[in-house]
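A.B. asks: One structure, as structure tokens, below. Some questions next.
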Amino acid sequence: IEPSAKKSARAIDGVSKAVQGLGRALATAALGDQLRRSFGAAAEFSATQQRVKNLTKTYQQFTGIQNVAAQSAKRFGISSAQALSDLTDLGSRLGGTGASLKDLENIYQGFNTLLVNNAVGAQQAAAATLQLNQALGSGRLAGEEFNAINEATPQLLDEVAKVMGVARGELKELASEGKISSQVLLKALQNIKTQGADALADALDTPAGKLRQFDAAIKDFQVSIGTELLPVITPLVQGLTETL
């Protein structure tokens, strides 16, 4: 009986060590994945900073866009990196139209007020943002852009109708005629930014709003950690790439 017991004990000990080894392997893998994410976030942020540099060199009126991004990130519960990337995209589209930094602020903050207050999903919000930016860049809201905005944020079109002094039902025809100008959109978004401020605070105080802010904090943390590690990890990545 004793040899059998010892044999069982050894087997149990072996299983225990195997489980511990698996736990360490999983922990190492998890750490590696987090480092990869942090490195990727920092690399993306570095690329955004280069884009900002190029943008402000070409369109000097956008100097200070980093401050608008920081303010917007805090206001809407999004990461600073995401806000800066979004505003840089918008500035690249509108720089040639003579838009000012204040215009970018009103457009971005007005539209994000709508997105947060109406809990628009991330995928739909991204699509609507792209269509809005295209409309602003072309100087008018029409066609696919109008349909996308109407589906994701119909409240924007409600405000557009007020600005134009027409019935909501007339907008589709006006859009087809190219009469909803970028200046009308800018005024509507500026109004929404002001009028929706109180509702925005309430929206961010919900469970969904808290999760939104948590996700933003995680992204900012990844950028911070990744930025510190870039000088160390970059040569390693380069070496692995050459080996592969």
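None of the figures in this text is laboratory data; all of them are computed from the coordinates on show. Since the model is a prediction, treat every value here as computed from it, not as a measurement. Here the Cβ positions follow ideal geometry from the backbone for every residue, glycine too, while neighbour counts run over all protein chains shown.
A.B. asks: Please give the length that would be gained between Q155 and S224 if that part of the chain were fully extended, namely 0.36 nm times their separation in residues minus their C-alpha to C-alpha distance (nm, one decimal).
C.D. replies: Values: separation 69, 0.36 × 69 = 24.84 nm, distance 3.65 nm.
Gain in length upon complete extension: 21.2 nm.
A.B. asks: Per the helix-only calculation at 222 nm, which mean residue ellipticity applies to the chain, given -39500 (n - 2.57) for every DSSP H run of n ≥ 4 and division by its residues, nearest 500 deg cm²/dmol? Walk me through the numbers before you get to the answer.
C.D. replies: Values: 11 runs with 203 residues, N = 244.
Here the helix-only value at 222 nm equals -28500 deg cm²/dmol.
A.B. asks: Another question, if that's okay. Once you compute Rg and the Kirkwood Rh from C-alpha atoms, what is the Rg to Rh ratio for the range 87-128? Spell out each step's value before the answer.
C.D. replies: On the way: Rg = 11.4 Å, Rh = 11.1 Å.
With Rg and the Kirkwood Rh in hand, the quotient comes to 1.03.
A.B. asks: Please compute the modelled spin-label separation between L236 and K172, points set 7 Å along Cα→Cβ, answer in nm with one decimal.
C.D. replies: About 5.7 nm separates the two model spin labels.
A.B. asks: On a C-alpha basis, how far is the centre of the range 75-94 from the centre of the range 129-204 in Å? Whole number, if you could?
C.D. replies: Computed from Cα coordinates, the inter-centre distance equals 19 Å.
A.B. asks: Separate question: Please build a GNM for the chain, connecting alpha carbons under 10 Å apart, and tell me which residue among D103, D86, D202 fluctuates the most.
C.D. replies: The residue that fluctuates most here is D202.
A.B. asks: Report Rg(Cα)/(2.2 N^0.38 Å) for the range 45-110, keeping two decimals.
C.D. replies: 0.98
A.B. asks: I would also like to ask the following. Could you compute the net charge surrounding A43? Neighbours are other residues with a C-beta less than 14 Å from the C-beta of A43; K and R count +1, D and E count -1. Don't jump to the answer; show the numbers that get you there.
C.D. replies: Numbers: positive: R36, R37, R51, K219; negative: E44, E228.
Summing Lys and Arg as +1 and Asp and Glu as -1 gives +2.
A.B. asks: Out of residues 5 or more away from I180 or on other chains, whose amide H comes under 5 Å of its own, with H placed 1.01 Å from N in the peptide plane?
C.D. replies: Residues meeting the criterion, in which the H sits 1.01 Å from N, are L141.
A.B. asks: Measuring from a point 7 Å past the Cα of S181 along Cα-to-C-beta, which residues in the range 127-161 have an amide N at less than 17 Å?
C.D. replies: Inside the label zone: 135-142, 160-161.
A.B. asks: Still on this structure: Take the Cα coordinates of the range 129-244, assign each an equal point scatterer, and use the Debye formula without solvent to give log10 I(q)/I(0) at q = 0.12, 0.17, 0.19, 0.20 Å⁻¹.
C.D. replies: With no solvent term, the Cα-only Debye profile gives -0.65, -0.87, -0.97, -1.03.
A.B. asks: Additional query: What do you get for Rg/Rh over the chain if you use C-alpha atoms and the Kirkwood form of Rh?
C.D. replies: Radius of gyration relative to Kirkwood radius: 1.19.
A.B. asks: Given K57/K187; K172/K219; K193/K219; K102/K210; K74/K162; K57/K162, which pairs have Cα atoms separated by over 32 Å?
C.D. replies: Long pairs (Cα-Cα over 32 Å): K172/K219; K57/K162.
A.B. asks: In addition: Using the beta-carbon distance between T97 and A47 and R0 = 25 Å, what value does 1/(1 + (r/R0)^6) give for FRET efficiency, to the nearest 0.05? Display every interim value, and only then the final one.
C.D. replies: On the way: r = 24 Å, r/R0 = 0.98.
The value I calculate is 0.55.
A.B. asks: Using the Kirkwood radius built from alpha carbon pairs, what does the Stokes-Einstein equation give as D for the range 57-149 at 10 °C and 1.306 mPa s, in µm² per second?
C.D. replies: 118
A.B. asks: So, one more: Restricting the calculation to Cα positions, tell me the Rg (one decimal) and the Dmax (whole number) of the range 182-244 in Å.
C.D. replies: Cα only, the range 182-244: 20.7, 57 Å (Rg, Dmax).
A.B. asks: Before anything else, pin down the relative contact order of the chain: Cα pairs under 8 Å, at least 6 apart, normalised by residue count, whole percent. All intermediate terms of the calculation are to be shown ahead of the outcome.
C.D. replies: Details: 226 pairs, mean separation 67.1, N = 244.
Averaging sequence separation for qualifying contacts and normalising by length gives 27 percent for the chain.
A.B. asks: Follow-up. Taking 7 Å along the Cα-to-C-beta vector as the label spot, tell me the F214-L130 distance in nanometres, rounded to one decimal.
C.D. replies: 2.9
A.B. asks: In degrees from 0 to 90, rounded to the nearest 10, what is the angle of the helix 80-94 Cα long axis to the longest principal axis of the chain?
C.D. replies: 40
A.B. asks: Taking K and R as +1 and D and E as -1, what net charge do the other residues with C-beta under 13 Å from the C-beta of S182 add up to?
C.D. replies: It works out to a net charge of +2.
A.B. asks: Can you tell me the relative contact order of the range 140-241? Whole percent, Cα pairs under 8 Å, sequence separation 6 or more.
C.D. replies: Rounded, it is 25 percent for the range 140-241.
A.B. asks: Related question: Top mean-square fluctuation among G121, G40, G209, Gaussian network model of the chain, C-alpha springs under 10 Å?
C.D. replies: G121
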